[in-house]
Amino acid sequence: MAADSIGKGLRYCAIADRQFLNSFDINVGKMMKKTLRKYLELFSAFAIVGATTFGGGLAMLPILQREISEKRKWVTEEEIADYYAIGQCTPGIIAVNTATFVGVKQAGILGGIIATLGLVTPSVIIISLIAAFLTGFAHIEAVRHAFNGIRAAVCALILDSILKLKKNAIEDILSWVIFIIIVALSLFTDISSVYLIVASGFVAFLLKGRK
(Lines give C-alpha, C1' and ligand atoms only; values in the text may rest on other atoms or scores of the structure.)
Protein backbone atom coordinates (compact mmCIF):
# COMPACT_ATOMS: atom_id res chain seq x y z
CA MET A 1 0.00 0.00 0.00
CA ALA A 2 2.79 2.36 0.91
CA ALA A 3 4.57 1.57 -2.33
CA ASP A 4 1.38 2.17 -4.32
CA SER A 5 0.84 5.51 -2.59
CA ILE A 6 4.41 6.56 -3.29
CA GLY A 7 4.06 5.48 -6.92
CA LYS A 8 0.84 7.44 -7.34
CA GLY A 9 2.44 10.47 -5.72
CA LEU A 10 5.40 10.30 -8.07
CA ARG A 11 3.09 9.99 -11.08
CA TYR A 12 1.09 13.02 -9.94
CA CYS A 13 4.32 14.98 -9.49
CA ALA A 14 5.50 13.98 -12.93
CA ILE A 15 2.18 15.03 -14.49
CA ALA A 16 2.24 18.34 -12.61
CA ASP A 17 5.84 18.94 -13.74
CA ARG A 18 4.92 18.29 -17.38
CA GLN A 19 1.94 20.62 -17.15
CA PHE A 20 4.08 23.32 -15.60
CA LEU A 21 6.80 22.94 -18.23
CA ASN A 22 4.24 22.97 -21.03
CA SER A 23 2.62 26.11 -19.61
CA PHE A 24 6.07 27.71 -19.18
CA ASP A 25 7.05 26.87 -22.76
CA ILE A 26 3.78 28.29 -24.08
CA ASN A 27 4.19 31.54 -22.11
CA VAL A 28 7.82 31.94 -23.17
CA GLY A 29 6.87 31.23 -26.77
CA LYS A 30 4.14 33.88 -26.67
CA MET A 31 6.52 36.42 -25.15
CA MET A 32 9.17 35.70 -27.78
CA LYS A 33 6.63 36.00 -30.60
CA LYS A 34 5.34 39.28 -29.18
CA THR A 35 8.88 40.65 -28.84
CA LEU A 36 9.87 39.56 -32.34
CA ARG A 37 6.67 41.07 -33.71
CA LYS A 38 7.50 44.37 -32.02
CA TYR A 39 11.05 44.32 -33.47
CA LEU A 40 9.68 43.60 -36.94
CA GLU A 41 7.10 46.37 -36.58
CA LEU A 42 9.78 48.85 -35.51
CA PHE A 43 12.07 47.92 -38.39
CA SER A 44 9.33 48.02 -41.03
CA ALA A 45 7.84 51.30 -39.78
CA PHE A 46 11.15 53.15 -39.89
CA ALA A 47 12.16 51.44 -43.13
CA ILE A 48 9.04 52.94 -44.73
CA VAL A 49 10.12 56.37 -43.51
CA GLY A 50 13.67 55.86 -44.78
CA ALA A 51 12.52 54.59 -48.17
CA THR A 52 9.96 57.31 -48.87
CA THR A 53 11.86 60.41 -47.73
CA PHE A 54 13.99 62.64 -49.94
CA GLY A 55 15.89 65.73 -48.89
CA GLY A 56 17.85 64.81 -45.76
CA GLY A 57 17.17 64.48 -42.04
CA LEU A 58 14.78 67.41 -41.65
CA ALA A 59 12.66 66.11 -44.52
CA MET A 60 12.02 62.94 -42.51
CA LEU A 61 10.46 64.80 -39.58
CA PRO A 62 6.90 65.24 -40.93
CA ILE A 63 6.83 61.65 -42.19
CA LEU A 64 8.17 60.41 -38.85
CA GLN A 65 5.49 62.40 -37.06
CA ARG A 66 2.76 60.97 -39.24
CA GLU A 67 4.02 57.38 -39.04
CA ILE A 68 4.90 57.03 -35.35
CA SER A 69 2.69 59.64 -33.67
CA GLU A 70 -0.48 59.96 -35.71
CA LYS A 71 -0.70 56.48 -37.23
CA ARG A 72 0.87 54.11 -34.68
CA LYS A 73 0.45 56.21 -31.52
CA TRP A 74 3.89 55.17 -30.23
CA VAL A 75 4.59 58.68 -28.96
CA THR A 76 2.59 61.83 -28.34
CA GLU A 77 3.20 65.05 -30.24
CA GLU A 78 4.75 66.53 -27.08
CA GLU A 79 7.18 63.61 -26.85
CA ILE A 80 8.17 63.78 -30.50
CA ALA A 81 8.83 67.53 -30.15
CA ASP A 82 11.11 66.70 -27.20
CA TYR A 83 12.87 64.03 -29.26
CA TYR A 84 13.45 66.53 -32.07
CA ALA A 85 14.96 69.01 -29.63
CA ILE A 86 17.24 66.41 -28.01
CA GLY A 87 18.15 64.96 -31.41
CA GLN A 88 19.20 68.41 -32.58
CA CYS A 89 21.55 68.73 -29.59
CA THR A 90 23.17 65.30 -29.90
CA PRO A 91 25.65 64.05 -32.53
CA GLY A 92 24.19 62.58 -35.69
CA ILE A 93 21.20 63.14 -37.93
CA ILE A 94 18.11 64.36 -36.09
CA ALA A 95 15.81 61.80 -37.73
CA VAL A 96 18.15 58.92 -36.87
CA ASN A 97 18.40 60.10 -33.28
CA THR A 98 14.61 60.34 -33.08
CA ALA A 99 14.26 56.79 -34.42
CA THR A 100 16.66 55.58 -31.74
CA PHE A 101 14.72 57.32 -28.96
CA VAL A 102 11.40 55.87 -30.14
CA GLY A 103 12.87 52.38 -30.53
CA VAL A 104 14.31 52.44 -27.02
CA LYS A 105 10.97 53.57 -25.60
CA GLN A 106 9.10 50.79 -27.38
CA ALA A 107 11.48 47.84 -26.95
CA GLY A 108 14.59 48.81 -25.00
CA ILE A 109 18.16 49.16 -26.28
CA LEU A 110 17.77 46.47 -28.95
CA GLY A 111 14.59 48.16 -30.12
CA GLY A 112 16.53 51.40 -30.53
CA ILE A 113 19.17 49.64 -32.62
CA ILE A 114 16.54 47.93 -34.80
CA ALA A 115 14.58 51.16 -35.35
CA THR A 116 17.79 52.95 -36.35
CA LEU A 117 18.76 50.17 -38.75
CA GLY A 118 15.28 50.26 -40.25
CA LEU A 119 15.60 53.97 -40.95
CA VAL A 120 19.04 53.88 -42.58
CA THR A 121 18.89 50.54 -44.43
CA PRO A 122 16.79 51.76 -47.42
CA SER A 123 19.08 54.75 -47.93
CA VAL A 124 22.19 52.56 -47.85
CA ILE A 125 20.72 50.14 -50.40
CA ILE A 126 19.45 52.86 -52.75
CA ILE A 127 22.65 54.90 -52.65
CA SER A 128 24.76 51.76 -53.16
CA LEU A 129 22.74 50.82 -56.25
CA ILE A 130 22.97 54.33 -57.67
CA ALA A 131 26.71 54.46 -57.05
CA ALA A 132 27.19 51.05 -58.63
CA PHE A 133 25.15 51.51 -61.82
CA LEU A 134 24.86 55.19 -62.58
CA THR A 135 27.67 57.71 -62.96
CA GLY A 136 26.77 61.33 -62.42
CA PHE A 137 23.22 60.40 -61.36
CA ALA A 138 22.56 63.74 -59.67
CA HIS A 139 23.59 65.64 -62.80
CA ILE A 140 21.06 63.98 -65.09
CA GLU A 141 18.63 66.70 -66.22
CA ALA A 142 15.48 64.68 -65.57
CA VAL A 143 16.68 63.76 -62.11
CA ARG A 144 17.45 67.38 -61.27
CA HIS A 145 13.94 68.43 -62.28
CA ALA A 146 12.45 65.62 -60.24
CA PHE A 147 14.39 66.66 -57.15
CA ASN A 148 13.25 70.27 -57.57
CA GLY A 149 9.67 69.06 -57.26
CA ILE A 150 10.55 66.77 -54.36
CA ARG A 151 12.24 69.60 -52.45
CA ALA A 152 9.14 71.78 -52.85
CA ALA A 153 6.96 68.99 -51.46
CA VAL A 154 9.41 68.44 -48.60
CA CYS A 155 9.22 72.13 -47.62
CA ALA A 156 5.42 71.91 -47.57
CA LEU A 157 5.52 68.78 -45.38
CA ILE A 158 7.99 70.36 -42.96
CA LEU A 159 5.77 73.44 -42.66
CA ASP A 160 2.77 71.20 -42.00
CA SER A 161 4.70 69.38 -39.29
CA ILE A 162 5.75 72.66 -37.68
CA LEU A 163 2.16 73.91 -37.58
CA LYS A 164 1.01 70.69 -35.91
CA LEU A 165 3.80 70.76 -33.33
CA LYS A 166 3.09 74.43 -32.59
CA LYS A 167 -0.29 73.54 -31.08
CA ASN A 168 1.38 71.74 -28.17
CA ALA A 169 4.80 73.41 -28.09
CA ILE A 170 3.76 77.07 -27.98
CA GLU A 171 1.21 77.40 -25.20
CA ASP A 172 1.74 80.80 -23.57
CA ILE A 173 3.31 84.23 -23.97
CA LEU A 174 6.76 83.04 -22.83
CA SER A 175 6.73 80.29 -25.47
CA TRP A 176 5.84 82.83 -28.16
CA VAL A 177 8.60 85.19 -27.03
CA ILE A 178 11.19 82.38 -27.09
CA PHE A 179 9.90 81.24 -30.48
CA ILE A 180 10.20 84.70 -32.05
CA ILE A 181 13.66 85.33 -30.59
CA ILE A 182 14.99 81.94 -31.74
CA VAL A 183 13.60 82.45 -35.25
CA ALA A 184 15.31 85.84 -35.45
CA LEU A 185 18.61 84.47 -34.14
CA SER A 186 18.47 81.53 -36.54
CA LEU A 187 17.81 83.78 -39.53
CA PHE A 188 20.30 86.55 -38.80
CA THR A 189 23.12 84.92 -36.84
CA ASP A 190 25.34 81.86 -37.10
CA ILE A 191 24.74 80.67 -33.54
CA SER A 192 24.61 76.88 -33.30
CA SER A 193 21.16 75.38 -32.89
CA VAL A 194 22.49 73.41 -29.93
CA TYR A 195 23.19 76.64 -28.01
CA LEU A 196 19.80 78.06 -28.98
CA ILE A 197 17.91 75.00 -27.73
CA VAL A 198 19.88 74.72 -24.48
CA ALA A 199 19.51 78.46 -23.82
CA SER A 200 15.75 78.29 -24.47
CA GLY A 201 15.34 75.45 -22.02
CA PHE A 202 17.44 77.25 -19.41
CA VAL A 203 15.45 80.48 -19.74
CA ALA A 204 12.12 78.65 -19.50
CA PHE A 205 13.37 76.79 -16.42
CA LEU A 206 14.45 80.03 -14.72
CA LEU A 207 11.22 81.85 -15.46
CA LYS A 208 8.71 79.03 -14.98
CA GLY A 209 10.38 75.96 -13.53
CA ARG A 210 10.95 77.48 -10.09
CA LYS A 211 7.36 78.59 -9.57
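Within the range 92-211, which helices (runs of 4 or more DSSP H) (wholly inside it) include 3 or more residues that are surrounded by 16 or more Cβ atoms within 10 Å (Cβ to Cβ) and at pLDDT below 80? Give the steps one after another, and end with the answer.
Numbers: elements: 94-133, 141-169, 173-188, 193-204.
So the answer is 141-169.
Specify which of the listed residues (Gly108, Gly149) is out of contact with any Ser or Thr (no Cβ under 7 Å at 6 or more places or on another chain), farther than 23 Å from Ala47 by Cβ, in the same structural domain as Val75 (by TED's automatic domain parsing) and not hydrophobic (A, V, I, L, M, F, W, C).
On the way: Gly108 fails: farther than 23 Å from Ala47 by Cβ.
Answer to the check: Gly149.
For Val49, indicate whether it is assigned to a helix (DSSP H, G or I), within 21 Å of Cys155 (Cβ to Cβ), in the same structural domain as Gly149 (by TED's automatic domain parsing) and not aromatic (Phe, Trp, Tyr). First the steps, then the outcome.
On the way: assigned to a helix (DSSP H, G or I): yes; within 21 Å of Cys155 (Cβ to Cβ): yes; in the same structural domain as Gly149 (by TED's automatic domain parsing): yes; not aromatic (Phe, Trp, Tyr): yes.
So Val49 fits the description; yes.
So which pairs qualify, if the first residue must be in the range 146-168 and touching a residue at least 60 places away in the same chain (Cβ under 8 Å), the second must be of a type in the set (Asp, Glu), the Cβ gap must be under 7 Å, and the two must be at least 6 apart or on different chains?
Lys164/Glu77; Leu165/Glu77; Asn168/Glu77; Asn168/Glu78
Pick out the one residue from Ile126, Ile93 that is under 13 Å from the mean Cα position of the chain (by Cα) and of a type outside the set (Phe, Trp, Tyr). Give the steps one after another, and end with the answer.
Working: Ile126 fails: under 13 Å from the mean Cα position of the chain (by Cα).
Checking each option against the conditions leaves just Ile93.
The values are calculated or read from the model by the stated rules, or taken from the named source; none is laboratory data. None of the values given here were measured: they were computed from a predicted structure. In this analysis, Cβ positions are derived from the backbone assuming ideal geometry, glycine residues included, and neighbour counts consider all displayed protein chains.
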